[in-house]
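See below for the structure under consideration.
The values are calculated or read from the model by the stated rules, or taken from the named source; none is laboratory data. All figures in this text were calculated on a predicted structure; none of them were measured in a lab. Every residue, glycine among them, receives a Cβ derived from its backbone with ideal geometry; neighbour counts consider all protein chains shown. Surface areas here come from the heavy atoms of the whole protein model, side chains and all, with no ligands, DNA or RNA. Shrake-Rupley method; radii C 1.70, N 1.55, O 1.52, S 1.80 Å.
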Amino acid sequence: MLLILQIWCSKLPDRSENRTYLRKMLLNKGRRPCQPKRNIFFLKTHKTASSTIMNILLRYGEFNNLTFALPVRFTYYFYPKYFSALYVDGFSEKGNKNFNIMCHHMRFSFTEVQKVMPNDTFYFTVLRNPVSLMESSFSYYKDKGPFAKAKNLEDFLSNTSTYYDVKMDKSHLAKNLMNFDFGFDPNELDTIKNEKSAQMTIDKIFKLVLIMEYFDESLILLKDALCWSFDDVLSFPLNRRNNTTKKALSLETQEKVKRWNSLDWQMYIYFNNSFWKHVEKFGRERMQREVRILQMKRAEAEKKCLQGEVALSHLKGNLIMPHQSGIATILGYNLKPGITTNKALCQRLIIPEVQYSNLLHFKQKRKQTQIHYYKARA
């Protein structure tokens, strides 16, 4: 540990306060007394780096023996239907709220989530700039709904009356997707009253709204809010596209995206401003220091765990095969051969959400079976 501290501290500017701060943080000293939060709800919005955040939550829950509110079928709660508590495996109207973490895709319904999660649950989510979100969504969902017949994103935006129909299957993927995930009407008129109503509702329920464009800063705020450690929020980017399937958008196209997704755009502006208020409260210098620590720990984990990020054809093992969709090429990771130290952590860091969810389904079913067995013998 001392050797690691010396190496990491040497990478910072030669200032004694930086070295002292780094030692304190890495040794979990100098932090306000608090208890790590165990009851957590994460609204997993689409195409917002939410799969990476979900992996953090799945690992924390698994390694700390917490109970997940898993979907009764598939790896989502019958999305795009509104969420119902009945969609949770093991939920009972008469039962106690014994679930700790809920983080799979849903169309949010607060009243239904409250039936499942404890009263002291910490609610948070993540947003993304609607311009890059739209470009990513078009690539990922190209073969679905309104995007299917459009030549490209510019063609779609120039002919929305031709391609988009609110009654069409998968239409929600093509307009104000984040508002839809929050449970709002993506086709509602963009008025100040509607915008303020949505913002107030989200502000009241969600204690923290992360911003994808400032991902590491978001993880630091999350770590602080949950009273977790750097190791708890360690992550590798998951469900990431190959650069060859990414497309730069002209300024004209970007403006069209903002107008078409005006509800999402206004939501993003509001919570981006809110995010930086959280950063100011946290402290900008402290933020810079902690981001640096997180990045160094990630680099160290990459060095220990990863052989490389590769396309599907070069992946080794079914457990790490990411889901492919549309015209996007989703990348995955190969582990270094012969890992002996922290192999379980390395494996969990790169497992896609579908495989990880299936694994947790199996583990929870086995645990429930064992509990029933011992109760029957008692």
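For segment 200-215, which positions are surrounded by 17 or more Cβ atoms within 10 Å (Cβ to Cβ) and of a type outside the set (F, W, Y)?
Within segment 200-215, I202, I205, L208, V209, L210, I211, M212 meet the criteria.
What pairs can you find where one residue is in segment 90-114 and more than 21 Å from M178 (Cα to Cα), the other is surrounded by 19 or more Cβ atoms within 10 Å (Cβ to Cβ) and modelled with pLDDT under 95, and their Cβ atoms are less than 7 Å apart, with a gap of 6+ or different chains?
none
Just to be sure before I move on: is F124 closer than 18 Å to I40 by Cβ, at pLDDT 95 or above and of a type in the set (A, V, I, L, M, F, W, C) in the structure I sent? Give the derivation first.
Numbers: closer than 18 Å to I40 by Cβ: yes; at pLDDT 95 or above: yes; of a type in the set (A, V, I, L, M, F, W, C): yes.
For F124, the condition - closer than 18 Å to I40 by Cβ, at pLDDT 95 or above and of a type in the set (A, V, I, L, M, F, W, C) - is met.
Cβ contacts < 9 Å: first residue within 15 Å of N152 (Cβ to Cβ), restricted to segment 250-264; second residue open to solvent by 60 Å² or more (accessible area, probe 1.4 Å), any location; separation 6+ or different chain. Result?
Sorted first by the residue in segment 250-264, then by its partner, the pairs are K256/S158.
Between residues in segment 158-183 that are small (G, A, S) and residues that are assigned to a helix (DSSP H, G or I), which pairs lie under 7 Å by C-beta distance while being six or more apart or on different chains?
S171/G145; S171/P146; A174/G145; A174/P146; A174/F147
Right, T48: of a type in the set (V, I, T), closer than 20 Å to E213 by Cα and surrounded by 23 or more Cβ atoms within 10 Å (Cβ to Cβ) or not? First the steps, then the outcome.
Numbers: of a type in the set (V, I, T): yes; closer than 20 Å to E213 by Cα: yes; surrounded by 23 or more Cβ atoms within 10 Å (Cβ to Cβ): yes.
Yes, satisfied.
Would you call S235 surrounded by fewer than 18 Cβ atoms within 10 Å (Cβ to Cβ), outside any helix (DSSP H, G or I) and of a type in the set (S, T, Y)? Before you say what the answer is, go through the steps one by one.
Numbers: surrounded by fewer than 18 Cβ atoms within 10 Å (Cβ to Cβ): no; outside any helix (DSSP H, G or I): yes; of a type in the set (S, T, Y): yes.
Taking the combined requirement at face value, the residue does not satisfy it.
If a residue must be of a type in the set (S, T, Y) and at pLDDT 75 or above, how many such residues does segment 349-378 contain?
Step one: list which residues in segment 349-378 are of a type in the set (S, T, Y), which gives 356-357, 369, 373-374.
Filter once more, so that each one left must be at pLDDT 75 or above: 356-357.
So the count comes out to 2.
If you go through segment 293-348, how many residues are at pLDDT below 85 and either open to solvent by 40 Å² or more (accessible area, probe 1.4 Å) or not in a strand (DSSP E or B) (or both)? Even if it seems obvious, please write down each step before you answer.
Of all residues in segment 293-348, those at pLDDT below 85 come to 308-333, 338, 340-341.
So of that shortlist, the ones also either open to solvent by 40 Å² or more (accessible area, probe 1.4 Å) or not in a strand (DSSP E or B) (or both) come out as 309, 311-329, 331, 338, 340-341.
Result for segment 293-348: 24.
Take the conditions open to solvent by 70 Å² or more (accessible area, probe 1.4 Å) and under 30 Å from E252 (Cβ atoms) and apply them to K170. Does it pass? Quick ask: steps written out before the conclusion?
Details: open to solvent by 70 Å² or more (accessible area, probe 1.4 Å): yes; under 30 Å from E252 (Cβ atoms): yes.
Yes: the conditions hold for K170.
Considering only residues of segment 332-350 that are of a type in the set (G, A, S) and more than 18 Å from V310 (Cβ to Cβ), which is nearest to the chain's Cα centre (by Cα)? Give the steps one after another, and end with the answer.
At the first step, the residues of segment 332-350 found to be of a type in the set (G, A, S) are 332, 338, 344.
So of that shortlist, the ones also more than 18 Å from V310 (Cβ to Cβ) come out as 338, 344.
Values: G338: 30, A344: 21 Å.
So the residue we want is A344.
Looking at (1) open to solvent by 20 Å² or more (accessible area, probe 1.4 Å); (2) under 26 Å from V126 (Cβ atoms), which is the one condition that is false for T162?
It fails just one condition, (2).
Does any residue of segment 78-101 turn out to be in a loop (DSSP other than H, G, I, E, B), over 25 Å from S218 (Cα atoms) and among the β-branched types (V, I, T)?
No, every residue in segment 78-101 fails to be in a loop (DSSP other than H, G, I, E, B), over 25 Å from S218 (Cα atoms) and among the β-branched types (V, I, T).
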